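Everything below concerns the one structure shown next.
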Amino acid sequence: MNIRCLTVAAFLMFGPGAVTMSNAVVSPFESRGGLKPRSQIDRLVFGRLKQLGIEPANICSDAVFVRRVFLDVIGTLPTAQEARTFILDKSPGKRSALIDRLLEREEFADYWAMKWSDLLRVKAEFPINLWPNAVQAYHRWIRASIRDNVAYDRFVWELLTSSGSNFRVPQVNFYRAIQSKEPQAIAQAVALTFMGVRADKWDKDRLSGMAAFFSQVAYKGTVEWKEEIVTFDPNIAAFGPNSSGGLRAVFPDGSPVTLSADRDPRRVFADWLIDSKNPWFARNIVNRVWSWLLGRGIIHEPDDIRPDNPAVNPKLLAYLEKQLISHKYDLKHIYRLILYSDTYQLSCIPKTDKAEGAANFSHYPLRRLEAEVLIDALCQITGTTEKYSSAVPEPFTFVPEENRSIALADGSITSSFLEMFGRPPRDTGLESERSNRPSAAQRLHLLNSTHIRRKIEQSRKLRFLMQSKGNPRQVATRLYLAILSRFPTDEELKIVQTYSSSGSVKGREATVDLAWALINSPEFLYRH
Amino acid sequence: MSMELYRDTRLSSANEAGRVPFTGRASLSRRQILRNGVFGAAGLLLAGRLDSPAPAARRARAKAVIQIWLWGGPPHLDTFDPKPEAGNDYCGPLAKAIPTNVDGIMVGELLPLLAKQADKYSIIRSMTHGINSHETASYIVQTGRKPGDGQVYPCVGAVVSLFKGYDAGYTGLIPPYIVLTTPQGRFSEAGFLGSRYKPFATGGDPARTPFAVEGVVAQGITEKRQKSRRDFLGKLNTLGRVMKGDPQLAALDQCEKQAYDLILGDAGKVFDLSGEKKELRDQYGLNTFGQSCLVARRLVERGVPYVTINSRGWDTHKDHFPAMRRKLPEMDKGMATLLQDLSDRGLLESTIIWWSGEFGATPKVQWEPPWNGGRGHYGKVFSVVVAGGGFKGGRVVGASDEKGEEVKDRPVYPVDLIGSFYELLGIDPDAKLPHPQGLTVRATPSADDGVRSGGRLKEIM
């Protein structure tokens, strides 16, 4: 490792009251000092790593932390000012305080509504066909539930049991956002979303036993365009093994129940599902939240829970489940537990080559920014916007330009950038639909496209940052803070200086090239 | 309508019928056909493979496909299925049909140049799927699949990209599946195959000089600056140095290398039209569609297996006829020149041309406001044109009725067309597609998938 012991000195600062950093940093990515596991999560994770003979990574630096936690919690890059203030803040509890602030930001609701809209397949057109009005209503409901931190069991119960118009009772769109309205297809979607289970692999009887709970869902059109009423209709001929006594259904755990005509079977199912003794319900969601924040489930893939796919750390999973239940299904509590932990705050630089390391969370995994987060970050840095429009209904709808991509409601909105960078099509609700794999086409686009070049070259915001009234170091520092959320190292400053004085590029071109290079660096493109 | 019921009876008759695709159809009245709609229209459910098991993989006749995609639904009555006898209510001001260089084949009056090339292409006048909404029809026409079974299948371009692209030894720097110039939108080309098989959309406009292909051709950046930037980027890669050997960053690095090979190397010159003769460029038409046809030829010439020309603006609900007078002459010029040019270069034999929209346009003109002479969406019957790559020219397949409203003869379903393409391309229609959940999915649907078929286009292959 050739980058170490770099002191960030006062001359790098801009603005009044330049501060001298007292502690020299090990690398821009790690902080000094050993691990002091305080939380139960850390005891369980580090204990497991010790058993495996794996040393965890160092704690990440403040600069890495501020960037990481912004991207992970609110899907948004910190501004230069936010990064700088945090890095220079000397108060001991600043990390936890930042986590608490971020959990209350509006972007938290935007970002996690995007995630939930992926899972719930919020999309106007083929193959889901929610249509635009319902997409807006549904997305607004999802977002508000997240913003208000509605208890997770209530959130799910409402999705599963509501009846009414898809415009006025948005929760009912759960039953519309499935490729097929057959009871078995509904059962599969419910199992996948709220149990983390792929019911398509179940045997027929088990699936049809569960499907019976969804065999009396009725869909009725109205005179309004694409309005649909979703209700319980006891008159729909019973599905499955229908003996004279009423509709028989079987819970996924194998226990049978006879349904009576006066009770909506969806409620019977939902009550069973959200019961604190249900073996799937809490487990599924805590495992997912863990995987969203740490890049990998304790059971992995997080939506493929089955007996032959065990948890790597069963005690950890059990601990999180208990915490969720004892805190009345408050998901933010789970976010907080994870984010506060040293495990979450480890650097991305592993100290082991062993494959079990990554699977047991020995370091923070590199992950490419999601398509929407990436384009929002580029817009923020350059002060530019993107144009999105929807072709249905005619006349076309144009999304206001100040809207951010993470806040887009409709997965059907066409965008070649978002598609190139792996936005999920929202066809199936599988986590794996989103692809963060790099491709040559993505590299071409970021390195050399008119789209990105225009953003950089014609950006008034960058031009302002590039004003070289001070010295070139100040300009470089501003760009580093805006793009990489950290101060440059001495070595980097030397490279920048050499480049601008080399004579191969002229004046402003050198600073444009610096912005371009930082945007194209893996450090920018990856959560780290 | 009950698909289940329908399926049982049809299956047995299809099995007996074997390769005679029309058996059983006579028993359906038009009313039944109308009522059955969508996938219940005349024709057969695909019973196993109607064709003899294709020894296709051994005899690939086509190497590439140029898909001319007319988003919005080109009107069959104004193009390749004129009905001058149907009167003003159907023809509007475009009441004339003109003869072609093949006896007995007539086309619309706005296609005089394509009329001279009719010996090179075949017209399918009985294409049908019955869907009138853009997004679902686009899906059906390009995947051959019926929606609603929980899967989203890949389109022809993605499947060709799978079987003829990088996984099959294609080594070109130009991606194997190109769309000129913007993505179709409202349509997921790759389906469950995932983003790796999505097309590369060029962006830019080939009618301008230079054709600024997104990412490949950067105006105003010299090669020298490209190189010094790249070097600068490498030096500033602090995270990359600290995490040397990380497999994810190595993969990113590999992508970057490929990108620079394209930016700095010669491969990108395929998009530079300045070397083409001026007369030829004029013949193609100095507009986006015409020059896209020229770029498509150049791509195919260099081994790119699948090119989509995405032509927009065919969704002409209002003022349809003035729009046709603008659009059809451009289309006529570009496509006619493409056929001639490919033929002159000996490339037509190995290149399939596929001209199609997601559906046709309503035969009966909507004269009333607000349409004022418009045509709507029409999936019940429409025309598709194919040429080259093993397809015969100068033929007409099937027919619509006297007003172009119903299939009269030889229904052709999307799967028939797509299966024919695969056969000509040497792609086994039974080949397994890689599925993320490990399901067994074939390149073309089978009887179990409940997809209707009239049989592959043997008559023109």
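Just so you know, all these numbers are worked out from the coordinates, no wet-lab data involved. These numbers were taken from a predicted model, which means no experiment stands behind them. With ideal geometry, Cβ positions are generated from the backbone for all residues, glycine too; neighbour counts draw on all protein chains shown.
Against the compact-protein benchmark of 2.2 N^0.38 Å, the Cα-based radius of gyration of chain B scales to 1.02. The eigenvalues of the Cα gyration tensor, multiplied by 5 and square-rooted, give segment B:270-339 an equivalent ellipsoid with semi-axes of 25, 14, 8 Å from largest to smallest. Taking a straight Cα-Cα cut-off under 19 Å and skipping sequence neighbours fewer than 8 places away in the same chain, the aspartates and glutamates within cross-link reach of B:K224 are A:E457, A:E509, A:D513, B:E256, B:D261, B:D266. Normalised by residue count, segment B:153-252 yields a Cα convex hull volume of 153 Å³ per residue. Both radii were evaluated on the Cα set of segment A:371-527; the Rg over Rh quotient, with Rh as the Kirkwood radius, amounts to 1.03.
Size descriptors for segment A:245-395 (Cα atoms only): Rg and Dmax, in that order, 21.1, 67 Å. For segment A:375-463, GluC sites (Glu not before Pro) meeting the loop criterion (DSSP other than H, G, I, E, B) and having at most 15 other Cβ atoms within 10 Å: A:E401, A:E402. With Cα atoms as the point set, the radius of gyration and Dmax of segment B:218-269 evaluate to 12.7, 37 Å.
Amide H contacts of B:R395 (H built 1.01 Å from N, in plane; Pro and chain starts excluded): B:S122, B:I123 sit under 5 Å, all sequence-distant by 5 or more or on other chains.
By the equivalent-ellipsoid construction on the alpha carbon gyration tensor, chain A comes out with semi-axes of 46, 28, 18 Å, ordered largest to smallest. Bridgeable aspartates and glutamates around B:K120 (alpha carbons under 18 Å apart, same-chain partners fewer than 8 residues away excluded): B:D81, B:D103, B:D332, B:D341, B:D344, B:E349, B:E459.
Calculated [222 nm] ellipticity per residue, helices only, for chain B: -9500 deg cm²/dmol; basis is -39500 (n - 2.57) per DSSP H run with n ≥ 4, divided by all residues, nearest 500. Our summary of shape: the Cα atoms of segment A:300-356 have principal axis extents of 40, 31, 18 Å, ordered from largest down, in whole angstrom. Close amide H partners of B:K408, meaning residues 5 or more places away or on another chain with modelled amide H under 5 Å apart, are B:A399, B:S400, B:D401. Highest mean first, the peptides A:149-156, B:185-192 sorted by other C-beta atoms within 10 Å per residue fall in the order B:185-192, A:149-156. Evaluating 6.51 cos²θ - 1.76 cosθ + 1.60 at θ = phi - 60° for every residue in segment B:72-86, the Karplus couplings come out as x, x, x, x, 5, 5, 8, 10, 9, 9, x, 10, x, 6, 6 Hz, glycine and proline recorded as x.
Kirkwood-based Rg over Rh for segment A:151-273 (C-alpha set), two decimals?
Rounded to two decimals, Rg over Rh is 0.95.
Among B:V152, A:V122, a tally of other beta-carbon atoms within 10 Å of each Cβ gives an order, fewest to most, of B:V152, A:V122.
Lysine pair count for segment A:151-273 with Cα-Cα distance under 21 Å and sequence separation of 8 or more or different chains is 4.
Per-residue ellipticity at 222 nm, computed for chain A from helices alone with -39500 (n - 2.57) per DSSP H run of at least four residues, works out to -13000 deg cm²/dmol. Listed by chain and number, the lysines whose C-alpha is less than 18 Å from the C-alpha of B:K318, apart from same-chain residues fewer than 8 away, are B:K327, B:K364.
For the peptide B:202-215, the mean number of other protein chain Cβ atoms found within 10 angstrom of a residue's Cβ is 3. In segment A:161-228, what GluC sites (Glu not before Pro) fall in a loop by DSSP, with at most 11 other Cβ atoms inside 10 Å? Passing both the DSSP loop test and the Cβ count: A:E224. A simple count of charges around B:M106, restricted to other residues whose Cβ falls under 12 Å of its Cβ and scoring Lys, Arg +1 and Asp, Glu -1, yields -1.
Using the empirical formula 2.2 N^0.38 Å as the baseline, the Cα radius of gyration of the protein assembly as shown reaches a ratio of 1.00.
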